[in-house]
1. Of the DSSP beta bridges with both residues in the chain, give the percent that are antiparallel, rounding to the nearest 5.
2. Given a 1.4 angstrom probe, I'd like the percentage of the accessible area of the stretch 278-358 that is carbon and sulfur, rounded to a whole number.
3. At q = 0.10, 0.11 Å⁻¹, what is the base-10 log of I(q)/I(0) for the chain according to the Debye formula with one equal point scatterer per Cα and no solvent? Please give it to two decimals.
4. Please compute the volume of the convex hull spanned by the alpha-carbon atoms of the stretch 56-189 and report it per residue in Å³.
5. Hey, any idea what % of the stretch 70-227's accessible area is carbon plus sulfur with a 1.4 Å probe?
6. Between residue 376 and residues 5 or more places away or on another chain, which pairs have amide H atoms under 5 Å apart, with H built 1.01 Å from N, and which residues are they?
7. Apply the a/c threshold of 1.5 to the C-alpha gyration tensor of the stretch 196-329 and tell me whether it is rounded, prolate or oblate.
8. What does the extension gain come out to for residue 70 and residue 172, with contour length at 0.36 nm per residue minus their alpha carbon separation?
Amino acid sequence: MRLLTTFLVACFTLATQANEVYTVIANPGENASNSIRINWHSDIDSENTYCLYTECNDTNWEHSKKAVPQSELCTAFDSMYSKTADNKNIYEQAKFIRNTIELNKLKPGTKYMYKIVPCDNSSETYYFKTAPAEGVWTAGIISDFHAYTPIPNRVKSAMNMIKTLEQCNNADLDMMLHVGDIIAWGGSYSFWKDLYTNEPFKKYVWAGVNGNHDNMDRTNKKNTNNFFRYANNNPENGYTGEIGVCYHFTYGNTLFIMLNNEDMRSKEGLAAAQDWVKKVIKENPAKFTVVMEHYQWFFGTSGKFSQYTRWNELFDECGVDLAIGANNHIYARTNAIYQGKETDGSKGTIYIQTTSSDNERGQAMKEWTDNKDIIKYRWCEGPRSISGLTMKNVGDKLYLKLYDRYGNIIDTVTVLAKK
Ligand SMILES: [Fe+2]
């Protein structure tokens, strides 16, 4: 009798087991006009899940397609020292199944919706938009909000900034770019899981770079690019050790190259990244080439050189049009620079670096002593900074606008396509 009861209880438990799906995100495929990559996580003992997707105008899902993911056990975040949302010290238990899929043969410039099924919250619908084959597109740019569940206002500030960018754009953006440090400790799985429940993660394609905070755990002793890798499904076209972390993708007429600073600290690390960047640019000619990394080009406090001097010769040589950095929490922007001098924009690279956007972890500017001839503008609100940018492509121009939290335009710059 006892055996039978145990059996029945076990059956009932199985039948009612939660089938949870979380940390869902859409990343660009190598050609974002026809390929998008989805990542989601599910419980180890849950049923197999798959992705159901269709164009947004197929409101009844009549033409939806089923895409079966690759699934693997992920233990990279397990037993990491962390904090709970109510500020208690814990070792997070975080073993799960990581599911990834590349959706191909999509229509350019088209809005799609998708669901992950079966799951308990299968009414949840997510969205992405493919890049247009040609024509206008607009991306939002944000960084350094250091998601940290004990202080939810950080993420709230950044998400409100994205809303402000949408209002300033008078429409939704086409995709979001982030320049790293979106998580306070990348090893804290609950921070990613919580962040991805925010609306912008459910409706945009996100393309980002690994920041030093995304790369670290609370103890700063178990740092790895796996946190960023497994919380995304980026194109697997990077170089050794950086597959799914460094990557490139083409969005309309623009080639984006995404770097990982944490593995460029040594001479050898920098050389490996630079060899890869040269090769990618050579093999993927585009009207605009944009390179993104987390670290700043200049120290915004004084204007002193930072990563600029490690990259400016390569950018000159390869014709990089725009270089986007972050980390310093102070906005700094040049006009086009070639061989160390400002040009009329027909040649050279525009360097830009974002502020923090969490209203908490910024820093104040100090006296501007260096590079006054090439840095055109610096801006921040001190330790409590929030800003974001839009980048709009119209034909031969990329228009960048820096907005403050109120939607005021603080700075603008235009990238010209080179002949
Ligand atoms: Fe940061």
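1. Counting only bridges with both partners in the chain, antiparallel ones make up about 75 percent.
2. C and S fraction of accessible area: 47 percent.
3. Here log10 of I(q) over I(0) equals -0.66, -0.80.
4. 155
5. 45
6. 333, 334, 335
7. Rounded, because the longest to shortest axis ratio a/c is under 1.5.
8. 33.6 nm
The values are calculated or read from the model by the stated rules, or taken from the named source; none is laboratory data. Predicted model only: the values in this text are computed from it and were never measured. No Cβ is skipped: glycine too gets one built from the backbone with ideal geometry, and neighbour counts run over all protein chains shown. The accessibility values were calculated without ligands, DNA or RNA, using every heavy atom of the protein model including side chains. Shrake-Rupley method; radii C 1.70, N 1.55, O 1.52, S 1.80 Å.
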